[in-house]
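Remarks on the structure that follows.
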Amino acid sequence: MSERPYVTLSCAMSIDGYLDSAEPHRLAMSNAADLDRVDDVRALHDAIMVGASTVRRDNPRLLVRDAARRARRLAAGLRESPAKVTVTSSGELEPDAAFFTTGEGPRIVYCPQDRQAQLQERLGDRAIVVGLGDDCVAMAELLDDLGAQQGVRSLMVEGGGTVLTQFLGADLADELHLVVAPFFVGEARAPRVVGPGAFPWTASRRARLADTRRIGDVVLLRYALSDRFGMLEPGSAAAGREPVSVELP
Ligand SMILES: NC(=O)c1ccc[n+]([C@@H]2O[C@H](COP(=O)([O-])OP(=O)(O)OC[C@H]3O[C@@H](n4cnc5c(N)ncnc54)[C@H](OP(=O)(O)O)[C@@H]3O)[C@@H](O)[C@H]2O)c1
């Protein structure tokens, strides 16, 4: 596998392309069977990433839930759950968020260089804070650091839309798992699955639809976005990989 981690983007949207509502509480898009599928995909990766807004709004734990999957990871010499990754410009992350307080694995926070020291002090030994760039972090540099410095060879990006937009726009994703939930949100202020941008896949350069699956009342669309597509499939060369080498400071 090359040094830049394999990237799987994963999210669930409404029929009209929203990730959530604009209401104070998160809108559940998916169903139990699909959440179990997402858990299975999580268990295949070295690290899971969400944007800082998702950490603040959803307070996700980002752990592998199923005991059998955790046991399989342990038997393979991996931690029970993947490392966790987030990115922030503002540095507004609470050390007692579930992102930082649950699970045993490393939590890696990327931020602009001039915020690094202050944020590391704020988060203490709950995270490794890596400073990259001036105003915002380039996702290509983040991936290069994850691969070269943090020992991460596969990254699952679970949103939100701001982060997904950057991976897609910079052509950094190997596959996209897009779940469509059977309802509309219809609120202009709600977050969309992607923002405006120049994307590599256009009407004249179409993405490859690799698979579709009905899962109860939702549908999964799986797109192949690079020639590395499928490298994480069980049985592929990348499936029997070594543990992530990141250690907490
Ligand atoms: N349906 C789904 O599958 C799903 C999945 C995940 C999330 N969501 C929903 O999506 C919504 C959040 O999405 P969102 O698009 O608003 O936010 P997001 O992508 O979760 O996070 C955006 C934030 O990440 C930080 N960030 C992003 N790119 C950066 C860069 N290049 N450099 C530095 N920092 C960067 C910034 O944090 P700072 O503001 O700290 O600077 C930015 O405000 C929530 O409502 C959540 O519930 C839905």
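So what's the net charge close to Arg214: Lys and Arg +1, Asp and Glu -1, counting the other residues with Cβ under 14 Å from its Cβ? Neighbour charge sum, excluding Arg214 itself: 0.
Note on the range 1-139: Rg/Rh from Cα positions, Kirkwood definition for Rh, rounded to two decimals, is 0.97.
Note that the chain carries a Kirkwood radius of 18.5 Å, evaluated over its alpha carbons pair by pair.
Close amide-amide hydrogen proximity is noted between Tyr6 and Ser154, Leu155, each under 5 Å apart and 5 or more residues distant or on a separate chain (H modeled in the peptide plane; Pro and chain starts excluded).
The charge dipole of the range 6-237, taken about its Cα centre with unit charges on the Cβ atoms of Lys, Arg (+1), Asp and Glu (-1) only, comes to about 540 debye.
Report summary: the helix-based calculation at 222 nm, which adds -39500 (n - 2.57) for every DSSP H run with n ≥ 4 and divides by the residues of the chain, gives -6500 deg cm²/dmol.
Here is the tail figure for the range 133-221: Cα pairs spaced more than 15 Å apart come to 70 percent of all pairs. Summing +1 for each Lys or Arg and -1 for each Asp or Glu among the other residues whose beta-carbon sits under 14 angstrom from that of Ala33 gives -2. For the chain, DSSP calls about 35 percent of its internal beta bridges antiparallel.
Projected label points at Thr101 and Cys136, each 7 Å from Cα along the beta carbon direction, are separated by 3.1 nanometres.
Take every Cα pair under 8 Å whose residues are at least 6 apart in sequence, average their separation, divide by the length of the chain, and the relative contact order is 29 percent.
No lab work stands behind these numbers, since they all come straight from the coordinates. Predicted, not measured: the structure shown is a model, and the values here were computed from it. No Cβ is skipped: glycine too gets one built from the backbone with ideal geometry, and neighbour counts run over all protein chains shown.
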